[in-house]
Amino acid sequence: MPQVTFDCVTFTYPDSPAPALREVSLELEAGQFVLVIGASGSGKSTLLRCINGLVPHFSGGKLTGRVTVDGLDTRVHPPRDMAAVVGFVFQNPEAQFVTERVEDELAFALENAGVPQLTMRKRVEEVLDALGIASLRNRAVSSLSGGEQQRVAIAAALALQPKILALDEPTSQLDPQSAEDVLGALVRLNADLGLTIVLAEHRLERVLQFADRVVFLPEAGAAPLVGDPRDVMEAVSLTPPLVTLGKALGWKPLPLTIKEGRRFAGTLSVERGALSDDLPPFGRPTSRPSGVRPPVLDVRDVWLAYDGKEVLRGVTLSARAGEFVALMGRNGSGKTSLFRSIVGLVKPQRGQMRVNGQDVVGQSTADICRQVGYVPQNPDALLFADAVRDELLVTLRNHGLDETTAPVAPGELLDTLGLASVASLYPRDLSAGQRQRTALASVLVTRPQVLLLDEPTRGLDYAAKATLTGILKHWQAQGTAIVMVTHDVELVATCADRVALMAEGEIIVDGPVRHVLSESTIFSSQINKLFGTPSLLTVDDVLAHR
Amino acid sequence: MLNARAWLMWIAASLTVAMLATNPLYLVIVLLCAALVRAGFSTGDSPLPVWRFGVMVVAFSTFYNALLTHFGSTVLVTLPRALPLVGGPVTLEAAAFGASRGLALWTLFAVSTLLNDVISPYELVRLTPRFLRQAGLVISIMLAFVPQTVRSFHQVREAQAIRGHRLRGVRDLTALLVPLMTDSLEKAVQLAEAMEARGYGKSQISKGQSPTSDFRPQVLMVGGLSGVLVGWLVEAYWRNGIGWAILGASAVALVLGVRLASSHASRTTHYRRQAWSARDTLLVAFSAVPLVAVVAVALLDPQVLVFYPYPRVMPPPFDVRLGLCLALLGAPALMRPSVERGAVSVEA
């Protein structure tokens, strides 16, 4: 008997014209690792919340059909009853904690369930070990890194010993290493304890290999596609680079891991040999003639220390007009601090920073930001107006401009960013990708010559990422210098000209994207891992030189 | 880790001493004890430097009293009588008395802020009676929200600054407040969802009765409380004994209500054992000795505790035995925590 059964489930949120799920029927077996995929807004969260009854008990709205989990009908049993069967982990690690200390957090559900103290202590020890977080037991949750917080959240959800663990994009707010830690923990729980895992996730390249089944939600209100990972990958269009290449070249069975892909890559060895010698630009220019134009952004020997810690140690970085520089490196290596120094949010102890030849050291943030557009990590912090269009007008007003004197006409800008259709909507009601682009629009409206982006693709699905890449390339072609902090190697491989790697507050490598990415072991794209030559970084590279 | 109850005893003892003994010499002893304990237990992120506040209070209180109180025989300077309020002699006595009152305030403040250092708010919440657990939980969540909100405020302020935002008028505040409030609201909804998903509130339902079906405890408690108040007022006006009767009956109702509420409270258990060690007993003992000593002296010979500089300032009396007793309040400084409390927060 299946553990989870959706029987012709249709669900509509309150005040929503169209259903979020329409006639969904599926069955999930106990002990499976189930991956739920689909674009933002396709109903992944809704589907997961049906499993523990948050939909419809918490969300409101209208549910028809029946969801049965471990023999319990969710229409009859509210989430607090389902908690004993289904553990749930949310996207934002910080927003799900009730107490201050890790141990108390793990015990919270047990205390509420009235579990005797001795049993409770045993359970807490068990989940601490299951997630490998015993060393964190006395820490304050607010002092943990995102990856640690998310593992604590998983442990807290497991304290009641549920049979199913549902996770709603638990890694979308994390950097790659933390995401890896969380996913690794899930794989272990699934393999060792036989826990059923239902995971919504964007980074297919990381989890596809572990999935027993994939549920693909094409769009809101369409019937899901459920099946073996390989079969589903054949049918969907937005796939990781390896799968995209495999499909384009007709590799069968479709490779899901680099290891599987290498077998096929070996058969392409003739072409590879011919390509591997030099680095001519193909498809897109890898470098522009240097020395012709002076750099628009010129940072020299910047030193920054705060709280007695050296955050930047003699950083030198420049970007020319129309150049796309990717800034990569571990969390805490100083990437964001560099951006904050450039726009004057923190004051470096020494160093020069010039924008368009003008010294910006000591200028106010507002003045610097007329020429330097900076989109911080959390775009929501920027947005507050009642409509997308108003966000642009607010920035203009801040700089003493209006619609007529704006360097870019707001309507035109919204058009290029694909936001024209939502111009009058409330920004926070939009999808993650649209919110990110609204934030981008609100800084681009002054037509800055330099654009600083801090992890713009965090939490975006493949489609939203592709849209954003297109927009950035458009601005790059218009002569904007772009510096982007990112962990996303695939994104860097498709759009950057240069890569700078930071470590411990210093830039340790700065060079053309092909050199840096192919010489690195961690910062290397899937395709590059497959072929191991600087000439092949992306699917397009391979297809162009077949 | 010392028990929260033992700490409460220590704090109660220190506060009582600071309130009963206005003699600056004794206050200085308590203040030094508090400083020692702070050095041993402080998590280092005290929101307000206590000594700076203390110096300010003492200075203010000294000047205030010196300028407004014109008694005392040691005149330092005489201000023109034409000045309202402050005009007249400024005496050393008035200044000394003001300083001693300021010192008392400083001591009270220093001891109360230690509460935050030695007992985490969550431990305090756990000490609340069972039927108040809901309220305790709300407070605990609120406390967790404060640092989160401070962080998002910094984020929002920076995000608006890079859009050229400057604070020029009330209208500009919306750019800071609206994102902050929407963010907090979103987080609150997420938290509610997370708590629901973890079975919060399940036990009340599974007892087989709706939690709202029985209003008796609420009626008894509210009725009892108002009855006590009414009884006290009646007694204060008419003094005929009826007030006492009302007061007594209401008190009984109040106690019944509390007991009933406790028995109705959700059946939850506690994870943390509030272990009571020999060190806790020691701490209570070291707190009890100065407490008993000060109370006894206050009843038998209050002059020893009080500093009254008028009409002519004299060095305050000092009883060495009492001083030694009070020094016991510094004992917890020697009971350093074995487990590191809290952790250093890491900038994301």
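Quick rundown of the values:
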quantity	calculated
Failed criterion for B:A135 (all others in (1) loosely packed, with under 14 Cβ neighbours inside 10 Å; (2) in a helix (DSSP H, G or I); (3) touching a Leu at 6+ places or on another chain (Cβ under 8 Å) hold)	(3)
Identity of the residue in segment A:86-97, assigned to a loop (DSSP other than H, G, I, E, B) and surrounded by fewer than 22 Cβ atoms within 10 Å (Cβ to Cβ), that ends up farthest from the other protein chains (Cβ to nearest Cβ)	A:Q91
Residues located in segment B:302-316, provided they are β-branched (V, I, T) and assigned to a loop (DSSP other than H, G, I, E, B)	B:V306, B:V313
Any hit, segment A:451-462, residues being within 16 Å of A:R370 (Cα to Cα), within 14 Å of chain B (Cβ to nearest Cβ) and of a type in the set (D, E, K, R)	no
Every residue from segment B:175-203 that is surrounded by fewer than 19 Cβ atoms within 10 Å (Cβ to Cβ) and facing another protein chain (nearest Cβ under 7 Å)	B:V178, B:T182, B:K187, B:Q190, B:G201
Filtered residues of segment A:362-387 (kept if at the interface with chain B (Cβ under 7 Å from one of its Cβ atoms) and either in a helix (DSSP H, G or I) or surrounded by fewer than 17 Cβ atoms within 10 Å (Cβ to Cβ) (or both))	A:T365, A:A366, A:D380, A:A381
Counted residues, segment A:91-137 - those being among the acidic types (D, E) and touching a Ser or Thr at 6+ places or on another chain (Cβ under 6 Å)	2
Residue that is surrounded by the fewest Cβ atoms within 10 Å (Cβ to Cβ), among those in segment A:388-405 that are more than 13 Å from every other protein chain (Cβ to nearest Cβ) and not in a helix (DSSP H, G or I)	A:T404
Filter pass, A:Y426 being within 22 Å of B:L176 (Cβ to Cβ) and surrounded by fewer than 23 Cβ atoms within 10 Å (Cβ to Cβ)	yes
B:G164 being free of Cβ contacts under 8 Å to residues at least 24 places away in the same chain, more than 10 Å from chain A (Cβ to nearest Cβ) and over 30 Å from B:G40 (Cα atoms)	no
Top-ranked residue in segment A:302-344 [being within 25 Å of the chain's Cα centre (by Cα) and in a loop (DSSP other than H, G, I, E, B); ranked as farthest from the other protein chains (Cβ to nearest Cβ)]	A:E323
Residue in segment A:258-267 that is surrounded by fewer than 21 Cβ atoms within 10 Å (Cβ to Cβ), over 22 Å from A:S40 (Cβ atoms) and in the same structural domain as A:Q149 (by TED's automatic domain parsing) present	no
Hey, B:A261 touching a residue at least 40 places away in the same chain (Cβ under 8 Å), among the aliphatic types (A, V, I, L, M) and not in a loop (DSSP other than H, G, I, E, B) or not	yes
Qualifying residue in segment B:113-130 (condition: more than 14 Å from chain A (Cβ to nearest Cβ) and of a type in the set (F, W, Y))	no
Tally of residues being in contact with a helix residue (DSSP H, G or I) (Cβ under 7 Å, 6 or more places away or on another chain) and part of a strand (DSSP E or B) across segment A:446-485	5
B:Q148 vs. criteria crowded, with 18+ Cβ neighbours inside 10 Å, more than 24 Å from A:R80 (Cα to Cα) and either within 14 Å of another protein chain (Cβ to nearest Cβ) or modelled with pLDDT under 75 (or both)	no
Scan of segment A:147-177 for residues that are in contact (Cβ under 8 Å) with a residue 40 or more places away in the chain, part of a helix (DSSP H, G or I) and crowded, with 20+ Cβ neighbours inside 10 Å, ordered by number	A:Q149, A:Q150, A:V152, A:A153, A:I154, A:A155, A:A156, A:A157, A:L158
Enumeration of residues in segment A:107-122 that are more than 7 Å from chain B (Cβ to nearest Cβ) and among the polar types (S, T, N, Q)	A:T119
Positions within segment A:99-115 being modelled with pLDDT under 85 and among the aliphatic types (A, V, I, L, M), in sequence order	none
Matching residues, segment B:63-122, being assigned to a helix (DSSP H, G or I) and farther than 30 Å from B:W10 by Cα	B:F63, B:Y64, B:N65, B:A66, B:L67, B:L68, B:L92, B:E93, B:A94, B:A95
Flag for A:L417 being buried (at least 19 other Cβ atoms within 10 Å of the Cβ), closer than 28 Å to A:A326 by Cβ and within 11 Å of another protein chain (Cβ to nearest Cβ)	no
Tally of residues being of a type outside the set (K, R), buried (at least 17 other Cβ atoms within 10 Å of the Cβ) and at the interface with chain B (Cβ under 7 Å from one of its Cβ atoms) across segment A:125-141	1
Per-region count, segment B:304-319, residues within 30 Å of the chain's Cα centre (by Cα) and surrounded by fewer than 11 Cβ atoms within 10 Å (Cβ to Cβ)	0
Candidates A:V232, A:V243, A:V226, filtered to the one that is crowded, with 17+ Cβ neighbours inside 10 Å, in a strand (DSSP E or B) and aliphatic (A, V, I, L, M)	A:V226
Candidates A:R498, A:R546, A:R447, A:R458 - the one that is surrounded by 22 or more Cβ atoms within 10 Å (Cβ to Cβ) and basic (K, R)	A:R498
Selection status of A:P14, under 29 Å from the mean Cα position of the chain (by Cα) and at the interface with chain B (Cβ under 8 Å from one of its Cβ atoms)	no
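Residues are listed down the side, and each one gets a yes or a no for (1) within 12 Å of chain B (Cβ to nearest Cβ); (2) of a type in the set (D, E, K, R):
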site: A:S45; (1), (2): yes, no
site: A:G53; (1), (2): yes, no
site: A:L72; (1), (2): no, no
site: A:V76; (1), (2): no, no
site: A:D81; (1), (2): yes, yes
site: A:T99; (1), (2): yes, no
site: A:E105; (1), (2): yes, yes
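Condition check ((1) surrounded by 14 or more Cβ atoms within 10 Å (Cβ to Cβ); (2) within 14 Å of another protein chain (Cβ to nearest Cβ); (3) in contact with a Phe, Trp or Tyr (Cβ under 8 Å, 6 or more places away or on another chain); (4) at pLDDT 85 or above) across all residues:
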residue: B:R272; (1), (2), (3), (4): yes, yes, no, no
residue: B:V289; (1), (2), (3), (4): yes, no, no, yes
residue: B:A293; (1), (2), (3), (4): yes, no, no, yes
residue: B:L329; (1), (2), (3), (4): yes, no, yes, yes
residue: B:R341; (1), (2), (3), (4): yes, yes, yes, no
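The values are calculated or read from the model by the stated rules, or taken from the named source; none is laboratory data. Given the structure is predicted, the values throughout are model-derived calculations rather than measurements. Positions of Cβ are generated from backbone atoms using ideal geometry, with glycine treated the same way; all protein chains shown enter the neighbour counts.
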